[in-house]
1. What list of ³J(HN,Hα) values in whole Hz, one per residue of the stretch 33-47 in order, does the Karplus curve 6.51 cos²θ - 1.76 cosθ + 1.60 (θ = phi - 60°) give from phi, with Gly and Pro shown as x?
2. Place +1 on the Cβ of every Lys and Arg and -1 on the Cβ of every Asp and Glu in the chain, take the dipole about the Cα centre, and give the residue among Pro20, Gly58, Tyr46 whose Cα lies farthest towards its positive end.
3. From the phi angles alone, apply the Karplus equation (6.51, -1.76, 1.60; θ = phi - 60°) to the stretch 58-73 and give each ³J(HN,Hα) in whole Hz, x where the residue is Gly or Pro.
4. Can you return the lysines within cross-link range of Lys109? Criterion is Cα-Cα under 30 Å, with same-chain partners fewer than 8 residues away left out.
5. Once you treat every alpha carbon in the stretch 1-43 as an equal point and sum by Debye, what is log10 I(q)/I(0) at q = 0.19, 0.20, 0.32, 0.33 Å⁻¹?
6. How much mean residue ellipticity at 222 nm does the chain get from its helices, if each DSSP H run of length 4 or more adds -39500 (n - 2.57) and you divide by all residues, to the nearest 500 deg cm²/dmol?
7. What are the ³J(HN,Hα) values, in whole Hz, obtained from phi via the Karplus relation 6.51 cos²θ - 1.76 cosθ + 1.60 with θ = phi - 60°, for each residue of the stretch 88-104 in sequence order, with x given for Gly and Pro?
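Just so it is clear, none of the values below were taken in a lab; they were calculated from the coordinates. From a predicted model like this one, the values you see are computed outputs, not experimental measurements. Glycine gets a Cβ as well: all are built from the backbone with ideal geometry, and neighbour counts include every protein chain shown.
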Amino acid sequence: MEVLYSVVLYQGLFQTLSDPHGTAIGSLPPDLNALMTGACDDLHAYQEIHRMFSGDGGAVKDQIRKELGGMFESAGGMLTSLHYIKRDVEAFLARLRAEPGAWFTMKIKFGSIWR
């Protein structure tokens with residue numbers, strides 16, 4: 001659930017940044033780190049469940065293990081991507097705050113795109 005919230009959060013931030021009529025730069029919520037940590041904890045739980053299904057077992061147990069492994073890999077890739085997005089967005093927002101001219105130039109460019 002934390003990952004879904006992060007995706008929605010980033011989508012809202014990107015929409016705010018690309019709104020040519022918006023005046024605020026926007027920011028990431030302070031609880032984002034806790035949400036990302038929660039998502040990482042969930043990922044480790046899937047990894048442990050996957051390990052519990054490893055070893056001897058029938059075809060059904062093997063299929064469950066494979067499906068859990070696939071979920072773990074997909075979720076891990078998504079979480080890694082969200083960490084990179086967070087890092088990049090933080091750097092981008094810091095630059096916009098440090099260089100107000102860049103913020104206004106970006107707004108003008110978005111205004112010409114959305115006309």
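1. 4, 5, 5, 5, 5, x, 5, 5, 4, 4, 4, 5, 5, 4, 5
2. Towards the positive end, the residue furthest out is Pro20.
3. x, 4, 5, 4, 5, 5, 4, 4, 5, 5, 5, x, x, 5, 4, 5
4. In chain and number order, the partners are Lys86.
5. For the stretch 1-43, the Cα-only Debye profile gives -0.60, -0.64, -1.08, -1.12.
6. Values: 4 runs with 92 residues, N = 115.
Estimated from H runs of four or more residues: -28000 deg cm²/dmol.
7. Going residue by residue, I get 5, 5, 4, 5, 5, 5, 4, 5, 4, 5, 6, 10, x, x, 5, 4, 5 Hz, with x marking Gly and Pro.
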